[in-house]
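Encoded as structure tokens, the structure appears first; notes follow it.
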Amino acid sequence: MAVSGFEGFEKRLELRFSTTNNNPMGLRLIDFESLDQVLNEVQCTVVSAVANHSFDAYVLSESSLFVYPTKIIIKTCGTTQLLKSIRPFIHLARTLSLTLRACRYSRGSFIFPKKQPFPYTSFKDEVVIVEESLPNSLRYRKASVMTPSNNNNPSRAWHVFTASADVEPDEPLVVVEVCMTELDRVNARSFFRRKGDGKNSDAAGKEMTRLSGIDTINANAFICDFAFDPCGYSMNGVDGDRYSTIHVTPEDGFSYASFECGLSLYDDGHGDISEVLTRAIDVFRPDCVSVATTYGGEDYNHEVTKRVERMLAKKLGLTCRSRLVDEFPGSGTVVFQSFTPRRQYSSPEGGEQ
């Protein structure tokens, strides 16, 4: 890894609310100025946005924000102060008669952990900050660091904290978060701006979407994309009430890409999880892949997990090196899988392993 570079691994926060009124817009009534003030505290800004009848999707200078009537999802990369958004979001929701009922904070292991500001240098400190920001009504709480024991890179772990007012999950959506490092160099070239091309960030983003094949991951989605200068890429996909998002840091030495989507195991027309993941990962052809799948209101489906492993092995030559499963009260089951290419390599004695 490079001595210094941009931190691609995101911090992710999801807040879910309940409401006592019948206003179908809910959190979407928060005005842009108020959202901008929260993002200013987090240290990022909106660079592009799109909305449909179900939710609002914002591409940020550091990742993405999604606002549903009763749910907020925000993920930010770099050295952003994501957890500073918790209290103001709760306050803004309260002015609209919405009450927080669940919170989930998650992230991978940073590439440059020493560059992170407090409290992101320690997951224990992060958990303390989150807990202090939440109301006492969220009494079912759990923090977990899911660390693969047999991974070639033991520093790669998945950090999860959840808090809920109810012990039973109330979110039927399955959320899939993919983190990829050591991207294929040829594929990564798609995310560099060409000097003197004269395109603005929106036009350059559309070109990256097409050249990389991102537009084939979900052909039904409307894509809001953005190209950074001189390199880097973000996109939000909107498909009915389902979101997807991709963020790319393509520089060699600390290359990183993430893919996230929300879907259902039993919804026809929205794609099988294993097929969607295969198409997304194939865009980047990374050497290291981790997949964190959160099963909300639906029971953990072991067959889905095995199907993902079979598909990634068959289509992309990726072998599952570890699989960890943990349950979170009120927030469902998290499955964390780590993959690396199935390659033969020489041992120090000269034999193949």
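The values are calculated or read from the model by the stated rules, or taken from the named source; none is laboratory data. None of the values given here were measured: they were computed from a predicted structure. Here the Cβ is made from the backbone with ideal geometry for all residues, glycine too, and neighbour counts use every protein chain on show. Surface accessibility is based on the protein's heavy atoms, side chains included, excluding ligands, DNA and RNA. Shrake-Rupley method; radii C 1.70, N 1.55, O 1.52, S 1.80 Å.
So, in the range 308-353, of the ones that are assigned to a loop (DSSP other than H, G, I, E, B) and polar (S, T, N, Q), which residue ends up modelled with the highest pLDDT?
Looking at residues that are assigned to a loop (DSSP other than H, G, I, E, B) and polar (S, T, N, Q), I get 331.
Test residue 201 against the stated conditions and say whether it is out of contact with any helix residue (DSSP H, G or I) (no Cβ under 9 Å at 6 or more places or on another chain) and either exposed (fewer than 15 other Cβ atoms within 10 Å of the Cβ) or β-branched (Val, Ile, Thr) (or both).
no
Of all the residues that make up the range 135-148, how many are under 22 Å from the mean Cα position of the chain (by Cα) and surrounded by 18 or more Cβ atoms within 10 Å (Cβ to Cβ)?
Here the count works out to 5.
Run residue 185 past the list (1) among the charged types (D, E, K, R); (2) surrounded by fewer than 18 Cβ atoms within 10 Å (Cβ to Cβ); (3) within 22 Å of residue 229 (Cβ to Cβ); (4) free of Cβ contacts under 8 Å to residues at least 40 places away in the same chain and report the number of the one that doesn't hold.
Result: residue 185 fails condition (4) only.
Is it fair to say residue 90 is more than 29 Å from residue 156 (Cβ to Cβ) and either open to solvent by less than 10 Å² (accessible area, probe 1.4 Å) or at pLDDT 95 or above (or both)?
Yes; evaluated as a whole, the condition is true for this residue.
Any idea which of (1) modelled with pLDDT of 95 or more; (2) touching a Lys or Arg at 6+ places or on another chain (Cβ under 9 Å) is the one residue 109 doesn't satisfy?
(1)
Residues in the range 220-228: is at least one in contact with an Asp or Glu (Cβ under 8 Å, 6 or more places away or on another chain), open to solvent by less than 50 Å² (accessible area, probe 1.4 Å) and not in a strand (DSSP E or B)?
Yes, that holds for at least one residue.
Output the residues belonging to the range 232-246 that are open to solvent by less than 10 Å² (accessible area, probe 1.4 Å), outside any loop (DSSP other than H, G, I, E, B) and not aliphatic (A, V, I, L, M).
233, 234, 236, 237, 243, 245
Any idea which residue in the range 48-64 is modelled with the lowest pLDDT, counting only those that are open to solvent by 10 Å² or more (accessible area, probe 1.4 Å) and part of a loop (DSSP other than H, G, I, E, B)?
Filtering the range 48-64 for residues that are open to solvent by 10 Å² or more (accessible area, probe 1.4 Å) and part of a loop (DSSP other than H, G, I, E, B), the one modelled with the lowest pLDDT comes out as 62.
Taking the range 95-145 on its own, how many of its residues are among the hydrophobic types (A, V, I, L, M, F, W, C) and farther than 30 Å from residue 28 by Cα?
Qualifying residue count, the range 95-145: 6.
Of the residues 45, 80, 20, 76, which single one is surrounded by fewer than 21 Cβ atoms within 10 Å (Cβ to Cβ), under 25 Å from residue 331 (Cβ atoms) and not small (Gly, Ala, Ser)?
None of the other options fit; the residue is 20.
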